[in-house]
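The structure appears right after this line, and notes come after that.
Rule-based calculations on the coordinates, nothing more; no lab input. None of the values given here were measured: they were computed from a predicted structure. Here the Cβ is made from the backbone with ideal geometry for all residues, glycine too, and neighbour counts use every protein chain on show.
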Amino acid sequence: MASISDATQGFVDLRRHMWISGIEVDLRRLIWQIAVTAKYISAKIHESNRKFAGMKNIYGEEQLALDRASDEILQSQLRYSGFVNAYASEELASIITIGKGDGKYFVTADPLDGSSLVDTNLAIGTIIGIHRTPVLEEGRKNMAAALYITYGPLITMVYSAGKGTHEFVLNREGEYVLSQEHIRLKDKGSIYSLGGLRKDWTDRHLRYVEFLEAEGYKLRYSGGFVPDINQILIKKGGIFTYPALKGSATGKLRLIFELQPMAFLFEQAGGSATDGERDILAIKPQSIDQRCPIYIGSRFEVDKAKEFLNS
Ligand code: AFP
């Protein structure tokens, strides 16, 4: 597949990539705006640490928890963007109208996923879904784009607007520079990332894990969905799962804030995502906080999961 960077001989920044990719102008401006917002969230992460959490700032205001502060930053940036009509986030109880409500897109956000890991200095992330209409709908019908930001040794952004999945690195000059274009997962990987306590796994899930162990898969699990899933995408194969548990048939992760965006990105990269029976992008959410079991990664491992779970 001819790469844009081949044609442009190297340096391709995010705006140029989206323009050359022919992405609709309001959508590429919205993606750019969210990517810029990630810099402010990153600054917030660096500004706060456990010594300050719960302290009052110089104005006597209660220091917001990082995930709530990140949500406020996102809302303030999107409010007057002109491209967003509604917004939903893990930090809010319902969908809210943004600005005059006449923008083109509905944005879902997990503003800071893995925030409980900040004090351990492990990587965390922001997950964004961009939808055509402000309704709870199957991802495959309603999603226009998805992206996530990983706040690690580097700040990276992975996005797709339906024309492949691409990775960018934030450089010292504050530009997002293309690092991997048209990421393609292999059919089969060699790492697995397993959520939930082993004692709570169902027998079928346990048999699936034992199959992977017999195949020699290596365990990679940090407790942060974004870095854990990012590792499978960048290593181009493997499986992340947070399954249905004996005490909780819906698992832990949220369908619209975490799973729809990641499923969109992985399908665009030749992978797939299921709840064990249905494709994640074929599930119509019933509520904004709906949780859902997840098996997401390269096709071999996802298909095998369906086989074991429906045996
Ligand atoms: P926090 O946002 O509370 O840190 O939870 C992170 C998360 O939602 C997701 O990022 C991880 O994949 C998952 O929880 C880890 O859950 P366990 O702590 O049960 O392994």
Counting only residues 5 or more apart in sequence or on a different chain, those whose built amide H sits under 5 Å from that of Ala273 are Ile280
The extension gain from Asn121 to Arg29, computed as 0.36 nm times the residue separation minus the Cα-Cα distance, is 30.0 nm
Taking a crude spin-label model, label points 7 Å out from Cα along the C-beta direction, the Leu92 to Tyr80 distance in nm is 1.8
Scaled by the rule-of-thumb 2.2 N^0.38 Å, the alpha carbon Rg for the chain gives a ratio of 0.97
Put in order of increasing Cβ neighbours within 10 Å, starting from the fewest, Ser94, Ser272 give Ser94, Ser272
Any residue on another chain or 5+ positions along whose placed amide H is under 5 Å from the amide H of Ser179 is listed here as Glu167, Phe168, Val169
Length-normalised contact order of the chain, Cα under 8 Å, at least 6 apart, in percent, tallies to 16
Whole-Hz Karplus couplings 3J(HN,Hα) for the range 158-168, θ = phi - 60° and coefficients 6.51, -1.76, 1.60, Gly and Pro as x, run 10, 9, 8, 10, x, 10, x, 10, 9, 10, 10
Whole-Hz Karplus couplings 3J(HN,Hα) for the range 145-153, θ = phi - 60° and coefficients 6.51, -1.76, 1.60, Gly and Pro as x, run 6, 8, 7, 9, 10, 10, 9, x, x
Assertion target for Thr126, Thr97, ordered by fewest C-beta neighbours within 10 angstrom first, is Thr97, Thr126
Treating only Lys and Arg (+1) and Asp and Glu (-1) as charged, each at its beta carbon, one finds that the chain has a dipole about its Cα centre, in Debye to the nearest 20, of 200
Computed ³J(HN,Hα) along the range 300-311: with the Karplus parameters 6.51/-1.76/1.60, θ = phi - 60°, integer Hz and x for glycine or proline, the list is 4, 5, 5, 4, 4, 4, 4, 4, 5, 6, 10, 6
Inter-part gap, Cα centre of the range 131-193 to Cα centre of the range 265-311, in whole angstrom, is 17
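Please pull out the direction-averaged projected area of the range 191-309, using the convex hull of its alpha-carbon atoms, in nm² to one decimal place.
6.6
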Expected sort for Leu206, Leu30 with the fewest Cβ neighbours (10 Å cutoff) up front is Leu206, Leu30
The range 135-214: relative contact order from alpha carbon pairs under 8 Å, six or more residues apart, as a whole percent, is 15
Counting sequence-distant residues (5 or more places) and residues on other chains, those with an amide H built under 5 Å from that of Ala244 are Ile294
Reduced to Cα centres, the span from the range 206-231 to the range 21-50 in Å works out to 29
Over all viewing directions the Cα convex hull of the range 9-180 casts an average projected area in nm² of 11.0
Per GNM of the chain with C-alpha springs under 10 angstrom, the most fluctuating residue out of Asn230, Asn85, Asn171 is Asn171
